[in-house]
1. Starting from 0.36 nm per residue, how many nanometres of slack lie between residue A:176 and residue A:44 once their C-alpha separation is accounted for?
2. In whole Hz, with x marking every Gly and Pro, tabulate ³J(HN,Hα) for region C:171-181 from phi via Karplus 6.51 cos²θ - 1.76 cosθ + 1.60, θ = phi - 60°.
3. Rank the residues A:10, C:242 as a footprinting-exposure proxy: fewest other Cβ atoms within 10 Å of their Cβ go first.
4. Would you work out if region C:132-272 is rounded, prolate or oblate? Take a ≥ b ≥ c from the square roots of the eigenvalues of the alpha-carbon gyration tensor; rounded if a/c is under 1.5, else prolate when a/b is larger than b/c, oblate otherwise.
5. Relative to the first principal axis of the alpha-carbon coordinates of chain A, what is the inclination of helix A:171-195, with its axis defined by its Cα atoms, in degrees from 0 to 90 and to the nearest 10?
6. Within region C:194-272, report the GluC sites (Glu not before Pro) that DSSP leaves as loop and that have at most 16 other Cβ atoms within 10 Å.
7. Between residue C:165 and residues 5 or more places away or on another chain, which pairs have amide H atoms under 5 Å apart, with H built 1.01 Å from N, and which residues are they?
8. Around residue C:105, which amide H atoms from residues at least 5 apart in sequence, or from another chain, sit under 5 Å from its own amide H, with H modelled in the peptide plane?
Amino acid sequence: MLVRRTYQFLIVYCIGLASLLGLKYALSLSDYVIPSIPLILETAGQVFSDYLRAAFSTLSVTVLGQIISIILAFSVGIAGRKSSWLGSFIRATAYNIQAYPIVALAPIIFILLGDGFLSRLLIASIICYFPLLLSVLGVMAAPVQEIEHFYQATGRMSWQLEVKIRAFENLSKLTTVISGSATLAMAGTIVAEFIAANAGIGYSIRTALYQSDLAKIFVALFLIGIIISLYQGLLENIGQWIIQKKLG
Amino acid sequence: MQIISNNLSFQYPDSDTKVINSLSFSMHGPGFNAVFGPSGVGKTSLARIIAGSITDQEGDMYTKGITTILYSYNMERLPGWSSIGTLLQQVTPPGREALLEELIELFALQNVMDSPFTRISLGQQNRSNLLRYLVQDFDLLIMDESLANVDEKLRQTILLHIKERFPDRMFLSISHNLMEVATFCKEILVLGTREKSGKGCILQGLDLQQDAVLDKDRLDQSMLEVMNAC
Amino acid sequence: MNTTTTYSLLFFLFVSAFSSVAAWADQQELNYRLKWLFNIGASGDIYAQANGSFTAQGLKVRVREGSPEKNAINELELGRADFGVASADQVIQALDKGAHLVVLAQIFQINPMQWIYRDDQPKINKLADLRGRKVGITFGGNDETIMRTLLTQASIKEKEVKLSGVRFDFTPFFRRKVEIWPVYRNTQGVILKEKLAQEGEGVRFFNPADFGVHFVANSIITSEKMLKEQPQVVKKFLTALLQGWKAAMNPAEENKVLAAVKKMNKNTEDGIMKKQLAITRELVWPASGTIGAINEVAWKQTEAIMLRQGRIKQAVHVEKYLRQQYAQCELTDEPSGTGVLK
């Protein structure tokens, strides 16, 4: 999974780059508009280590943001799983907040928390959180009647057991959602860094954009792609391992 | 022990027709009884009404001398996170460990105790499901196709043993197996087709006991009565 | 109505309709990409459109907003724009990377990129006064390049000042976490000054040009190809545009200019916009300047700064790409600036 994701990304990246270079030579565009391969390589040589550090900084916020959103999504999802007023309220709120573009919320977050680590973390968590919450709510609100019936009939059902049954029965769905949410968390962190932060690969992209330096942006995109592929691949592998271990 | 139905009707909210229409009967326990009839006549709906999981029926449905009713059905599953043995032990009330061991042996499940539920056959799954109900407290156990996919010989062994081991309890078997119903049951509620619905009648089965000899003529007669009643 | 009158009327209608169609067909369609959103900093561009300067030159110009992503140089190369506005550093960087551009005119004679600070803070009389101060810069932006040049010029090491990355949110400045904050003098500068005045606080502006750093801001560019193949169109466009700018900077036209800008940008208050226009006049047409004039010395200095800071790999000799002669049109009037910046 890890290797497959990485080479899939490399194929997509190379196709994208080749298309742009095709356009560059077809329209005789300068290196300013679309940089040539030697310029990209030269730029990569100059910025690779800095950008790699920035990408890992972004990844660390992503991982932390994702962990927070998973914990939150499960807590809220479990609390709101009953088809009660609270459950429907949480669902409606989640849908509504998800509809807000984060760039609209970001200024408020930056005013409250400044443009440091916390803002990045919060925005990453927000972007990752709502899709996760809706999936967790979906899973937790759907009874697994053929398993739960016995425990209900014999008076053995507790909320912990109910959550365990529903989570276990939807393990592959949940692991897919969690690994998929890694992309969202990464995108959220990058957006936060792009809008306002002093670190991370999103910040590097913004700086490069100010300088109209597309070569740097290509290097940044390469690193983002590789890192998210590796991270997502790792999560998928963990998910597979859990499923194999538990489901056999 | 008695189950009494008086002018009972039930219709699912998304359906135009009544699945049970003005059904009246009275069934006595303890013992092994059955509800028999072709598919779609409302056997499972009736079982759920008796068990109390359906409550929006019309007419009366009540019991006498029955406090705890359990309803088991053949689609039930055990959770997959532990072995069957562990799960069965976890749901066995204190003091009933010996009963559990006895039933495991009787149900021929010794070899699958370390396996997860998904790794065993359908027959083994149904047996392990029924087994965990049998170790619970109950007055009436409704067995909705609970021994589906179990071979004839083992079914017979299990049914006879249940009758002997739980003489003071009432069982209500929901089955399509005419011979099984006629052979092992004491009272058989036969639900007819829609045209005949409401006229559910109670017939007597052979109520075969452990070590007793089966009277084939009586069985044929009983089966014929049941068929004619449908 | 007799027959003669009817025929005369029909003839008149036919001639009128034909001449309108002919005039429309004669108009050349051009795309003009600005550097930023519609605001007072583009008042001349907006007014050239609004007062019919382009139409008078037989041009139909679509003036479009810009942003870091909607870069005029890219648009020129991709053939989506015929003219554009780019900052000097963008132009020099593009030339360094093989772009074929020419600079036709320089809009801002004084770079609006300046720094604001409260007047209860020590006044910056000399560059050495920056030592130990908390200075905001946009990392990667022009202000970073300018500030680093100023610091180098004053032999101030980076650790001797507290450089802080800034964003669109002014909170760190309002909370005094950052003391000296980068602003566009004619837009954000006016807004911040007003806000602080409401709190009873006065401000000063720190202009790098006062300390000998002339970093050129926005200029009008086109492709070499356009200039070579359609010099007459270039001339017409530039004439119309500079006429627009000249009219926009004329205090007598103030109400019309404000109305034209307001039409495109409804978010800025009238009072603020009026003050912004007054400052813009000082930057575009100062007492000692000529509208649209290209300050070659400043361009060379800008290139030297960028070379020194490694933003370009080799000298591009930007003076070779400056086409001063195209901006020599109707520039004989008196400047509109009244010296309010001083």
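Coordinate-derived values only; no laboratory data. Small disclaimer: the values here were computed from a predicted structure and weren't measured. Glycine also receives a Cβ, built like all others from the backbone with ideal geometry; neighbour counts cover every protein chain displayed.
1. Using 0.36 nm per residue and subtracting the Cα-Cα distance, I get 44.2 nm.
2. Per-residue couplings from phi come out as 3, x, 6, 4, 7, 6, 6, 10, 8, 10, 10 Hz.
3. A:10, C:242
4. The shape class here is oblate.
5. 40 degrees
6. Of the GluC sites (Glu not before Pro), the ones in loops of region C:194-272 whose Cβ has at most 16 other Cβ atoms within 10 Å are C:199, C:201, C:269.
7. Hits under the 5 Å cutoff: C:137.
8. C:220
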